[in-house]
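Derivation of every value follows stated rules applied to the coordinates shown; laboratory data play no part. Nothing here was measured: the structure is a model prediction, and the numbers come from that model. Every residue, glycine as well, gets a Cβ built from its backbone with ideal geometry; the counts of neighbours run over all protein chains shown.
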Amino acid sequence: MKHRWRIALAMGAATAWVPGGTAWAAEAQRSTFGTLPDGRAVPAATLRNAHGVSVRVIAYGAAIQSLRMPDRRGQVADVALGYRTLAEYLAKPQYFGATVGRYANRIAAGRYAVDGRPFQAPVNDGPNSLHGGVAGFDKVLWTVTSVRSGPVASVTLRYVSRDGDQGYPGALTVDATYSLDERDTLTIEYCATTDRLTIVNVTNHNYWNLSGEGSAAGAMGTSVTIPADRYLPTDAHAIPTGELRSVAGTPFDFRQPHAVGERVREGADQQIGYARGYDHNWVIGAEVTPDQHLMARVSDPASGRGFELWSNQPGLQFYSGNFLDATSTGKSGHLYREGDALVFEPQIFPDTPNHPAFGSARLAPGQVYRNVMTYRLTTGAPE
């Protein structure tokens, strides 16, 4: 408690006492993150709590631009990859911290059908459509509809994707809410409604480096646990084959904690070769559930930073940053290279519209799509 109290005092004006209460209140502050070429300003909001945790969300891509948290010594670092300026997000899109959709992950050849009617999404990842197409949710300006301080600080953003946008039917209204509380819990909730039968799969694509986004050590020493007995093997173009394969005896077995770097280069495994590391979906459940369940435990032994990830989704896409190629310079002036970050994306399985056995990605008028992701952040035992 002394450790956290010291951090709270250091935060100063970033926190406030809850009248009549016994805890600090988290704060939300508005700002602007540059201007688009057409003159539209890009709003931003920063959520802070009393323990040195803060997250900055920008309306371009409804993205996490910064996520700062202390280590076991109280040293605060930014653990989310990203750029310092809007111009860099426009010039070299990398999905840093972004909301991705209308259909996150891949659709084979961009082709799918809804009630027998064929649709074509733009192809932007080899032969496939990735993260909604050429102009997915990560490349549009969202509207900030709410910024709130209090026991839980939050920002809500909205985007209305028109009927036919990127080849998807129906006008889709999507709300993204980021919230931070005094228990160091960061929650991202996506809700969507449609006026016509469509498909939806929205998630967040934050790149995590718990040692700090500019750390020369990279993220390969990060310990990961994923409570899944099976995963989805893919073809050479990252499309699931349809098999639900056992993780037993493979580099994909994270039922016990493993450092990512232990097995990420095991060339004898064809799946590792296809993806140049991990870029696969783990089978956590069979369908979207009313309640959340554990998706992953992630920790950095050196700093003590970590998190538990909970969600209501059936799949977890785990990506080991295999295609970071030193063409992007991050906030600290560090060139991002292969293995510098990890991505954990709760979602419906990739290419579900073309695999009936995977379940359904359909959303009909009157229904509400929800993906709720809860990160229970930890900073290790104080020294």
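What shape does the chain have by the C-alpha gyration tensor, where a ≥ b ≥ c are the square roots of the eigenvalues, rounded means a/c under 1.5, and otherwise prolate means a/b greater than b/c and oblate the rest? Verdict is oblate for the chain. Residues whose amide H comes within less than 5 Å of that of residue 295, counting only those at least five positions distant or on another chain, are 309, 310, 311 (H built at 1.01 Å from N in the peptide plane). Listed values for the range 256-262 are Karplus-derived 3J(HN,Hα) couplings in whole Hz (6.51 cos²θ - 1.76 cosθ + 1.60, θ = phi - 60°), namely 10, x, 9, 5, 4, x, 4, and x replaces Gly and Pro.
For the residues 27, 243, 338, a GNM of the chain with alpha-carbon springs under 10 Å puts the largest fluctuation on 243. Judged by the mean number of other Cβ atoms found within 10 Å, the most tightly packed of the peptides 157-168, 304-315, 100-111 leads the ranking 100-111, 304-315, 157-168. Under a 5 Å amide H cut-off, with hydrogens placed 1.01 Å from N, residue 351 pairs with 106 among residues at least 5 apart or on other chains. Debye-formula intensities of the range 48-161, expressed as log10 I(q)/I(0) at q = 0.22 Å⁻¹, are -1.19 (one equal scatterer per alpha-carbon, no solvent).
The convex hull built on the alpha-carbon positions of the range 99-200 has an orientation-averaged projected area of 7.2 nm². Amide H contacts for residue 63 (H built 1.01 Å from N in the peptide plane; partners 5 or more residues away or on another chain; cut-off under 5 Å): 58, 99. Computed from the C-alpha gyration tensor, the three semi-axes of the ellipsoid equivalent to the range 196-355 are 25, 18, 17 Å, from longest to shortest. In terms of the mean number of neighbouring beta-carbon atoms within 10 Å, the peptides 256-269, 45-58, 277-290 order highest first as 45-58, 277-290, 256-269. Here the 3J(HN,Hα) profile of the range 35-46, calculated from phi with Karplus coefficients 6.51, -1.76 and 1.60 at θ = phi - 60°, is 9, 6, x, 7, x, 6, 6, 9, x, 9, 9, 10 Hz, Gly and Pro shown as x.
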